[in-house]
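Written out below as C-alpha coordinates is the structure these notes cover.
The values are calculated or read from the model by the stated rules, or taken from the named source; none is laboratory data. All values derive from a computational prediction rather than experimental measurement. Reconstructed Cβ throughout: ideal geometry from the backbone, glycine too, with neighbour counts over all protein chains shown. The protein model used for the area step is the full one, side chains on, heavy atoms only, and it has no ligands, DNA or RNA in it. Shrake-Rupley method; radii C 1.70, N 1.55, O 1.52, S 1.80 Å.
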Amino acid sequence: MNHATAPRHPSGIGLRSWGRTDTGGDSLTLDHWPAPPALAPYIGSFFQICGADPLQEDLLPAGPAMLAIFLRGEGLLRLPGGLADASAPASVITPLRAAARIEIAGPWHVFGALLSPLGWAALTGGLSASEHGNRLRDAGELLGGGVRRLAADLSQGHGVRPFTLAELVARSVPVLQARLHALSDAHVRLVDEVQAWLARAMSPVVDDLYRDACYSPRQLQRLVDRYFGLPPKQLARQHRALRAAALLADPATTPQQAASVADHFYDQSHLIREVRLVTGRTPARLIEQRLPLLDAMLGLHAPAVRRIGALAGAAQPTTPPPATPA
(Lines give C-alpha, C1' and ligand atoms only; values in the text may rest on other atoms or scores of the structure.)
Protein backbone atom coordinates (compact mmCIF):
# COMPACT_ATOMS: atom_id res chain seq x y z
CA MET A 1 0.00 0.00 0.00
CA ASN A 2 1.29 3.46 -0.84
CA HIS A 3 0.01 6.58 0.92
CA ALA A 4 1.40 10.01 0.34
CA THR A 5 -0.50 11.14 3.40
CA ALA A 6 -0.34 8.89 6.45
CA PRO A 7 -3.64 9.03 8.38
CA ARG A 8 -3.46 9.71 12.05
CA HIS A 9 -4.83 7.29 14.62
CA PRO A 10 -8.64 7.66 14.65
CA SER A 11 -9.97 9.93 17.35
CA GLY A 12 -13.64 10.20 18.28
CA ILE A 13 -15.00 7.29 20.27
CA GLY A 14 -11.90 5.36 21.19
CA LEU A 15 -10.85 2.19 22.95
CA ARG A 16 -8.86 1.31 26.00
CA SER A 17 -5.34 0.07 25.59
CA TRP A 18 -4.55 -3.54 26.41
CA GLY A 19 -6.54 -5.01 29.26
CA ARG A 20 -9.65 -6.89 30.28
CA THR A 21 -13.10 -5.35 30.34
CA ASP A 22 -15.21 -6.31 33.34
CA THR A 23 -18.48 -7.76 32.07
CA GLY A 24 -20.05 -7.99 35.50
CA GLY A 25 -20.04 -11.77 35.65
CA ASP A 26 -18.11 -14.96 34.90
CA SER A 27 -20.10 -16.07 31.82
CA LEU A 28 -18.21 -13.79 29.41
CA THR A 29 -14.73 -12.27 29.27
CA LEU A 30 -13.45 -9.64 26.84
CA ASP A 31 -9.74 -8.95 26.40
CA HIS A 32 -8.39 -6.32 24.02
CA TRP A 33 -4.99 -5.52 22.51
CA PRO A 34 -3.85 -2.37 20.64
CA ALA A 35 -3.03 -2.53 16.95
CA PRO A 36 0.63 -1.99 15.98
CA PRO A 37 1.42 1.50 14.63
CA ALA A 38 1.21 0.43 10.98
CA LEU A 39 -2.37 -0.77 11.49
CA ALA A 40 -3.51 1.77 14.10
CA PRO A 41 -5.28 4.02 11.55
CA TYR A 42 -7.29 1.02 10.37
CA ILE A 43 -7.96 -1.05 13.49
CA GLY A 44 -9.23 0.44 16.73
CA SER A 45 -8.36 -2.64 18.77
CA PHE A 46 -7.95 -6.39 18.55
CA PHE A 47 -10.05 -8.39 20.98
CA GLN A 48 -11.04 -11.85 22.10
CA ILE A 49 -14.37 -12.75 23.69
CA CYS A 50 -15.02 -16.05 25.45
CA GLY A 51 -18.41 -17.26 26.60
CA ALA A 52 -19.20 -20.36 28.64
CA ASP A 53 -22.99 -20.47 28.20
CA PRO A 54 -24.47 -22.98 25.71
CA LEU A 55 -26.51 -20.12 24.24
CA GLN A 56 -25.63 -16.43 24.56
CA GLU A 57 -28.50 -14.10 23.61
CA ASP A 58 -27.34 -10.52 23.69
CA LEU A 59 -27.23 -7.22 21.78
CA LEU A 60 -24.56 -5.48 19.75
CA PRO A 61 -24.69 -1.68 19.81
CA ALA A 62 -24.64 0.43 16.67
CA GLY A 63 -21.15 1.29 15.55
CA PRO A 64 -18.22 0.50 13.27
CA ALA A 65 -17.47 -2.73 11.43
CA MET A 66 -15.97 -5.70 13.22
CA LEU A 67 -13.95 -8.69 12.02
CA ALA A 68 -14.94 -11.79 14.02
CA ILE A 69 -13.10 -15.11 13.71
CA PHE A 70 -14.96 -17.92 15.45
CA LEU A 71 -12.32 -20.19 17.00
CA ARG A 72 -15.14 -22.02 18.73
CA GLY A 73 -18.92 -21.77 18.49
CA GLU A 74 -21.09 -20.01 15.91
CA GLY A 75 -23.44 -17.04 15.83
CA LEU A 76 -26.60 -15.64 14.30
CA LEU A 77 -27.20 -11.90 13.93
CA ARG A 78 -30.86 -10.86 13.94
CA LEU A 79 -31.39 -7.48 12.30
CA PRO A 80 -34.33 -5.08 12.23
CA GLY A 81 -36.93 -6.12 9.69
CA GLY A 82 -36.65 -9.84 10.39
CA LEU A 83 -33.38 -10.49 8.50
CA ALA A 84 -31.05 -13.06 10.11
CA ASP A 85 -27.42 -13.73 9.05
CA ALA A 86 -25.49 -16.82 10.17
CA SER A 87 -21.77 -16.57 10.94
CA ALA A 88 -18.94 -18.05 8.90
CA PRO A 89 -15.67 -19.11 10.56
CA ALA A 90 -14.36 -15.69 9.51
CA SER A 91 -17.14 -13.11 9.58
CA VAL A 92 -17.53 -9.36 9.28
CA ILE A 93 -20.23 -7.50 11.13
CA THR A 94 -20.61 -4.55 8.78
CA PRO A 95 -21.20 -1.03 10.19
CA LEU A 96 -24.44 -1.06 12.21
CA ARG A 97 -26.81 1.89 12.06
CA ALA A 98 -28.89 0.44 14.90
CA ALA A 99 -28.51 -2.18 17.61
CA ALA A 100 -28.86 -5.81 16.52
CA ARG A 101 -29.63 -8.96 18.47
CA ILE A 102 -26.99 -11.69 18.41
CA GLU A 103 -27.33 -15.35 19.38
CA ILE A 104 -24.14 -17.39 19.88
CA ALA A 105 -24.05 -21.16 20.35
CA GLY A 106 -21.39 -21.96 22.92
CA PRO A 107 -19.16 -22.49 24.65
CA TRP A 108 -17.58 -20.01 22.24
CA HIS A 109 -14.37 -18.10 21.60
CA VAL A 110 -14.21 -15.23 19.12
CA PHE A 111 -11.06 -13.35 18.08
CA GLY A 112 -11.34 -10.22 16.00
CA ALA A 113 -10.76 -6.55 15.40
CA LEU A 114 -12.81 -3.37 15.48
CA LEU A 115 -12.33 -1.61 12.15
CA SER A 116 -12.13 2.16 11.82
CA PRO A 117 -13.84 3.84 8.84
CA LEU A 118 -10.48 3.86 7.05
CA GLY A 119 -9.98 0.21 7.97
CA TRP A 120 -13.35 -0.75 6.52
CA ALA A 121 -12.53 1.05 3.25
CA ALA A 122 -8.90 -0.12 2.95
CA LEU A 123 -9.67 -3.77 3.77
CA THR A 124 -12.77 -4.06 1.58
CA GLY A 125 -11.27 -2.19 -1.36
CA GLY A 126 -13.50 0.84 -0.96
CA LEU A 127 -16.95 -0.68 -0.47
CA SER A 128 -19.61 1.75 0.73
CA ALA A 129 -20.26 1.39 4.47
CA SER A 130 -23.80 2.60 3.84
CA GLU A 131 -24.66 0.18 1.03
CA HIS A 132 -23.10 -2.84 2.76
CA GLY A 133 -23.99 -1.98 6.36
CA ASN A 134 -26.21 -3.81 8.84
CA ARG A 135 -25.20 -7.35 7.91
CA LEU A 136 -23.14 -10.32 9.12
CA ARG A 137 -21.08 -11.39 6.10
CA ASP A 138 -18.49 -14.04 5.23
CA ALA A 139 -15.15 -12.25 5.66
CA GLY A 140 -13.72 -14.16 2.70
CA GLU A 141 -16.22 -12.42 0.43
CA LEU A 142 -15.41 -8.94 1.73
CA LEU A 143 -11.76 -9.20 2.79
CA GLY A 144 -10.40 -11.92 0.51
CA GLY A 145 -9.18 -15.49 0.72
CA GLY A 146 -6.21 -14.60 2.93
CA VAL A 147 -8.50 -13.78 5.85
CA ARG A 148 -10.49 -16.97 5.25
CA ARG A 149 -7.27 -19.03 5.32
CA LEU A 150 -6.13 -17.17 8.44
CA ALA A 151 -9.35 -18.18 10.22
CA ALA A 152 -8.87 -21.84 9.26
CA ASP A 153 -5.24 -21.83 10.43
CA LEU A 154 -6.05 -20.11 13.71
CA SER A 155 -8.96 -22.43 14.44
CA GLN A 156 -6.92 -25.56 13.70
CA GLY A 157 -3.90 -24.42 15.73
CA HIS A 158 -6.03 -23.14 18.59
CA GLY A 159 -7.66 -26.57 18.90
CA VAL A 160 -4.25 -28.17 19.49
CA ARG A 161 -2.81 -25.54 21.84
CA PRO A 162 -4.84 -22.43 22.67
CA PHE A 163 -3.18 -19.26 21.42
CA THR A 164 -2.72 -16.24 23.64
CA LEU A 165 -4.26 -13.00 22.43
CA ALA A 166 -0.77 -11.69 21.64
CA GLU A 167 -0.14 -14.73 19.43
CA LEU A 168 -3.48 -14.32 17.65
CA VAL A 169 -2.66 -10.68 16.93
CA ALA A 170 0.88 -11.50 15.73
CA ARG A 171 -0.43 -14.11 13.26
CA SER A 172 -3.16 -11.77 11.97
CA VAL A 173 -1.21 -8.55 11.45
CA PRO A 174 0.73 -9.64 8.30
CA VAL A 175 -2.44 -10.95 6.65
CA LEU A 176 -4.37 -7.75 7.30
CA GLN A 177 -1.46 -5.53 6.26
CA ALA A 178 -1.19 -7.40 2.96
CA ARG A 179 -4.90 -6.83 2.32
CA LEU A 180 -4.86 -3.02 2.69
CA HIS A 181 -5.81 -1.08 -0.45
CA ALA A 182 -4.57 2.44 -1.18
CA LEU A 183 -7.05 5.22 -0.42
CA SER A 184 -7.30 8.72 -1.81
CA ASP A 185 -5.15 11.13 0.19
CA ALA A 186 -7.99 13.66 0.13
CA HIS A 187 -10.41 11.08 1.50
CA VAL A 188 -7.94 10.07 4.23
CA ARG A 189 -7.72 13.70 5.31
CA LEU A 190 -11.50 14.05 5.28
CA VAL A 191 -12.02 10.96 7.44
CA ASP A 192 -9.42 12.30 9.85
CA GLU A 193 -11.28 15.64 9.98
CA VAL A 194 -14.59 13.88 10.65
CA GLN A 195 -13.03 11.83 13.45
CA ALA A 196 -11.60 15.00 14.99
CA TRP A 197 -15.01 16.70 14.69
CA LEU A 198 -16.71 13.79 16.45
CA ALA A 199 -14.11 13.93 19.23
CA ARG A 200 -14.57 17.60 20.06
CA ALA A 201 -17.92 17.41 21.83
CA MET A 202 -20.46 15.13 23.41
CA SER A 203 -22.95 16.44 20.82
CA PRO A 204 -21.06 17.25 17.59
CA VAL A 205 -22.46 20.29 15.74
CA VAL A 206 -22.97 19.47 12.06
CA ASP A 207 -22.55 23.09 10.92
CA ASP A 208 -18.99 23.01 12.30
CA LEU A 209 -18.13 20.14 9.97
CA TYR A 210 -19.68 21.84 6.94
CA ARG A 211 -17.86 25.08 7.73
CA ASP A 212 -14.42 23.50 8.01
CA ALA A 213 -14.60 20.87 5.25
CA CYS A 214 -13.13 21.42 1.78
CA TYR A 215 -16.14 19.84 0.09
CA SER A 216 -19.59 21.02 -0.90
CA PRO A 217 -22.41 19.91 1.44
CA ARG A 218 -23.58 17.33 -1.13
CA GLN A 219 -20.08 15.87 -1.58
CA LEU A 220 -19.55 15.81 2.17
CA GLN A 221 -22.82 13.96 2.75
CA ARG A 222 -21.91 11.36 0.12
CA LEU A 223 -18.36 10.76 1.38
CA VAL A 224 -19.25 10.60 5.08
CA ASP A 225 -22.05 8.15 4.22
CA ARG A 226 -19.59 6.05 2.21
CA TYR A 227 -16.91 5.84 4.91
CA PHE A 228 -18.99 5.93 8.11
CA GLY A 229 -22.29 4.38 6.98
CA LEU A 230 -24.35 7.45 7.91
CA PRO A 231 -24.51 11.06 6.67
CA PRO A 232 -23.16 13.72 9.05
CA LYS A 233 -26.38 14.58 10.89
CA GLN A 234 -27.26 10.94 11.63
CA LEU A 235 -23.62 10.17 12.47
CA ALA A 236 -23.59 12.94 15.08
CA ARG A 237 -26.84 11.59 16.54
CA GLN A 238 -25.42 8.08 16.73
CA HIS A 239 -22.26 9.17 18.52
CA ARG A 240 -24.18 11.32 20.97
CA ALA A 241 -26.51 8.42 21.80
CA LEU A 242 -23.64 5.93 22.13
CA ARG A 243 -21.79 8.28 24.46
CA ALA A 244 -24.91 8.81 26.54
CA ALA A 245 -25.51 5.05 26.73
CA ALA A 246 -21.87 4.35 27.66
CA LEU A 247 -22.04 6.78 30.55
CA LEU A 248 -25.46 5.73 31.78
CA ALA A 249 -24.47 2.05 31.73
CA ASP A 250 -21.12 2.62 33.44
CA PRO A 251 -21.19 1.95 37.21
CA ALA A 252 -18.43 4.57 37.64
CA THR A 253 -20.68 7.36 36.35
CA THR A 254 -21.60 9.85 39.09
CA PRO A 255 -25.19 11.09 39.60
CA GLN A 256 -24.06 14.54 38.42
CA GLN A 257 -22.66 13.09 35.19
CA ALA A 258 -25.80 11.05 34.61
CA ALA A 259 -28.00 14.11 35.15
CA SER A 260 -25.90 16.17 32.71
CA VAL A 261 -26.47 13.63 29.94
CA ALA A 262 -30.07 14.85 29.66
CA ASP A 263 -28.83 18.31 28.70
CA HIS A 264 -27.86 16.92 25.29
CA PHE A 265 -31.41 15.82 24.43
CA TYR A 266 -34.64 17.70 23.86
CA ASP A 267 -36.48 15.85 26.62
CA GLN A 268 -36.57 12.50 28.41
CA SER A 269 -38.49 10.73 25.65
CA HIS A 270 -35.91 11.91 23.11
CA LEU A 271 -33.10 10.49 25.27
CA ILE A 272 -34.93 7.17 25.64
CA ARG A 273 -35.66 6.88 21.93
CA GLU A 274 -32.10 7.67 20.82
CA VAL A 275 -30.44 5.33 23.34
CA ARG A 276 -32.84 2.52 22.46
CA LEU A 277 -32.02 2.91 18.76
CA VAL A 278 -28.27 2.39 19.26
CA THR A 279 -28.39 -0.16 22.10
CA GLY A 280 -31.76 -1.92 21.84
CA ARG A 281 -32.41 -0.93 25.45
CA THR A 282 -33.90 2.06 27.23
CA PRO A 283 -31.57 3.84 29.69
CA ALA A 284 -33.40 2.23 32.62
CA ARG A 285 -33.05 -1.28 31.19
CA LEU A 286 -29.35 -0.71 30.50
CA ILE A 287 -28.91 -0.46 34.26
CA GLU A 288 -31.56 -2.89 35.51
CA GLN A 289 -31.15 -5.78 33.04
CA ARG A 290 -27.49 -6.34 32.34
CA LEU A 291 -26.41 -7.98 29.09
CA PRO A 292 -22.73 -8.93 29.34
CA LEU A 293 -21.78 -8.50 25.67
CA LEU A 294 -23.63 -5.21 25.31
CA ASP A 295 -22.12 -3.98 28.59
CA ALA A 296 -18.64 -4.98 27.45
CA MET A 297 -18.92 -3.23 24.08
CA LEU A 298 -20.32 -0.05 25.66
CA GLY A 299 -17.57 -0.25 28.28
CA LEU A 300 -15.00 0.22 25.52
CA HIS A 301 -16.53 3.63 24.77
CA ALA A 302 -16.78 5.07 28.28
CA PRO A 303 -13.12 6.15 28.91
CA ALA A 304 -12.96 8.14 25.66
CA VAL A 305 -16.31 9.76 26.42
CA ARG A 306 -14.98 11.05 29.74
CA ARG A 307 -11.96 12.55 27.97
CA ILE A 308 -14.19 14.70 25.79
CA GLY A 309 -15.00 16.76 28.88
CA ALA A 310 -18.10 18.28 27.32
CA LEU A 311 -20.83 16.93 29.57
CA ALA A 312 -21.34 19.85 31.91
CA GLY A 313 -23.04 23.04 30.89
CA ALA A 314 -24.32 21.90 27.50
CA ALA A 315 -27.39 23.63 26.12
CA GLN A 316 -30.50 21.70 25.22
CA PRO A 317 -31.59 21.55 21.59
CA THR A 318 -33.86 24.44 20.67
CA THR A 319 -36.06 22.49 18.25
CA PRO A 320 -37.83 19.17 18.79
CA PRO A 321 -36.19 16.04 17.31
CA PRO A 322 -37.88 14.09 14.52
CA ALA A 323 -40.65 11.78 15.66
CA THR A 324 -39.00 8.77 14.03
CA PRO A 325 -35.26 8.04 13.90
CA ALA A 326 -33.78 8.81 10.48
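Anything in the range 190-202 that is open to solvent by 20 Å² or more (accessible area, probe 1.4 Å), within 18 Å of the chain's Cα centre (by Cα) and not hydrophobic (A, V, I, L, M, F, W, C)? List them, or say none.
Once the filter is applied, which keeps residues that are open to solvent by 20 Å² or more (accessible area, probe 1.4 Å), within 18 Å of the chain's Cα centre (by Cα) and not hydrophobic (A, V, I, L, M, F, W, C), the range 190-202 yields only ASP192.
Criterion first (touching a helix residue (DSSP H, G or I) at 6+ places or on another chain (Cβ under 9 Å), at pLDDT below 90 and either buried (at least 19 other Cβ atoms within 10 Å of the Cβ) or outside any strand (DSSP E or B) (or both)) does GLY25 satisfy it?
yes
Given the conditions (1) in a helix (DSSP H, G or I); (2) in contact with a helix residue (DSSP H, G or I) (Cβ under 6 Å, 6 or more places away or on another chain), which single one is not true for THR253?
With (1) in a helix (DSSP H, G or I); (2) in contact with a helix residue (DSSP H, G or I) (Cβ under 6 Å, 6 or more places away or on another chain) applied to THR253, the lone miss is (1).
Which of the residues spanning the range 267-297 are buried (at least 16 other Cβ atoms within 10 Å of the Cβ) and outside any helix (DSSP H, G or I)?
Hits for the range 267-297 are GLY280, ARG281, THR282, LEU291.
Quick one: count up the residues across the range 218-230 that are open to solvent by less than 30 Å² (accessible area, probe 1.4 Å) and either farther than 19 Å from PRO61 by Cβ or without any contact (Cβ under 8 Å) to a residue 24 or more places away in the chain (or both).
4
Right, ARG20: at pLDDT below 50 and not in a loop (DSSP other than H, G, I, E, B) or not?
On the way: at pLDDT below 50: yes; not in a loop (DSSP other than H, G, I, E, B): yes.
When the stated conditions are applied, ARG20 passes them.
Determine if the range 43-51 includes at least one residue that is at pLDDT 90 or above and farther than 23 Å from GLY106 by Cβ.
Scanning the range 43-51 turns up at least one residue that is at pLDDT 90 or above and farther than 23 Å from GLY106 by Cβ.
Looking only at the range 61-83, count how many residues are farther than 20 Å from VAL147 by Cβ and crowded, with 22+ Cβ neighbours inside 10 Å.
The total comes to 3.
Test of understanding: among LEU150, LEU154, LEU168, LEU142, which residue is open to solvent by less than 20 Å² (accessible area, probe 1.4 Å), closer than 14 Å to ALA65 by Cα and touching a residue at least 12 places away in the same chain (Cβ under 8 Å)?
Values: LEU150 fails: closer than 14 Å to ALA65 by Cα; LEU154 fails: closer than 14 Å to ALA65 by Cα; LEU168 fails: closer than 14 Å to ALA65 by Cα.
Only one candidate qualifies: LEU142.
Considering each of HIS264, HIS239, HIS187 in turn, give the residue that is surrounded by 16 or more Cβ atoms within 10 Å (Cβ to Cβ) and over 30 Å from GLY125 (Cβ atoms). Steps first, please.
Working: HIS239 fails: over 30 Å from GLY125 (Cβ atoms); HIS187 fails: over 30 Å from GLY125 (Cβ atoms).
Selected residue: HIS264, the only one of HIS264, HIS239, HIS187 that is surrounded by 16 or more Cβ atoms within 10 Å (Cβ to Cβ) and over 30 Å from GLY125 (Cβ atoms).
Kindly indicate whether GLY106 is out of contact with any Phe, Trp or Tyr (no Cβ under 7 Å at 6 or more places or on another chain) and at pLDDT 95 or above. Reasoning before the result, please.
Details: out of contact with any Phe, Trp or Tyr (no Cβ under 7 Å at 6 or more places or on another chain): yes; at pLDDT 95 or above: no.
Against the criterion (out of contact with any Phe, Trp or Tyr (no Cβ under 7 Å at 6 or more places or on another chain) and at pLDDT 95 or above), GLY106 does not qualify.
This table checks each residue for (1) under 12 Å from the mean Cα position of the chain (by Cα); (2) not hydrophobic (A, V, I, L, M, F, W, C).
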| site | (1), (2) |
| --- | --- |
| PRO54 | no, yes |
| PRO64 | yes, yes |
| ILE69 | no, no |
| LEU76 | no, no |
| LEU79 | no, no |
| LEU83 | no, no |
| ALA86 | no, no |
| ARG101 | no, yes |
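How many residues, within the range 95-132, are closer than 24 Å to ASP153 by Cβ, open to solvent by less than 40 Å² (accessible area, probe 1.4 Å) and of a type outside the set (A, V, I, L, M)?
Of the residues in the range 95-132, 8 are closer than 24 Å to ASP153 by Cβ, open to solvent by less than 40 Å² (accessible area, probe 1.4 Å) and of a type outside the set (A, V, I, L, M).
Taking the conditions exactly as written (part of a loop (DSSP other than H, G, I, E, B), surrounded by 14 or more Cβ atoms within 10 Å (Cβ to Cβ), at pLDDT 90 or above and out of contact with any strand residue (DSSP E or B) (no Cβ under 8 Å at 6 or more places or on another chain)), does PRO7 satisfy them or not? Please lay out each step first, then the result.
Numbers: part of a loop (DSSP other than H, G, I, E, B): yes; surrounded by 14 or more Cβ atoms within 10 Å (Cβ to Cβ): yes; at pLDDT 90 or above: no; out of contact with any strand residue (DSSP E or B) (no Cβ under 8 Å at 6 or more places or on another chain): yes.
No: the conditions fail for PRO7.
Without any contact (Cβ under 8 Å) to a residue 12 or more places away in the chain, open to solvent by 20 Å² or more (accessible area, probe 1.4 Å) and assigned to a helix (DSSP H, G or I): does that describe GLN177? Give the steps one after another, and end with the answer.
Numbers: without any contact (Cβ under 8 Å) to a residue 12 or more places away in the chain: no; open to solvent by 20 Å² or more (accessible area, probe 1.4 Å): yes; assigned to a helix (DSSP H, G or I): yes.
Spelling it out, it is not the case that GLN177 is without any contact (Cβ under 8 Å) to a residue 12 or more places away in the chain, open to solvent by 20 Å² or more (accessible area, probe 1.4 Å) and assigned to a helix (DSSP H, G or I).
Any chance you could count how many residues in the range 186-222 are more than 22 Å from VAL261 (Cβ to Cβ) and either part of a helix (DSSP H, G or I) or of a type outside the set (A, V, I, L, M, F, W, C) (or both)?
First pass over the range 186-222, keeping only residues more than 22 Å from VAL261 (Cβ to Cβ): 186-196, 207, 209-222.
Subsequent filtering for residues that are either part of a helix (DSSP H, G or I) or of a type outside the set (A, V, I, L, M, F, W, C) (or both) retains 186-196, 207, 209-212, 215-222.
Within the range 186-222, residues that are more than 22 Å from VAL261 (Cβ to Cβ) and either part of a helix (DSSP H, G or I) or of a type outside the set (A, V, I, L, M, F, W, C) (or both) number 24.
Can you give me the ranges of the strands (runs of 3 or more DSSP E) entirely in the range 64-173 with at least 3 residues that are more than 23 Å from LEU298 (Cβ to Cβ)?
Working: elements: 66-78, 84-86, 90-93, 100-115, 136-138.
The qualifying strands (runs of 3 or more DSSP E) are 66-78.
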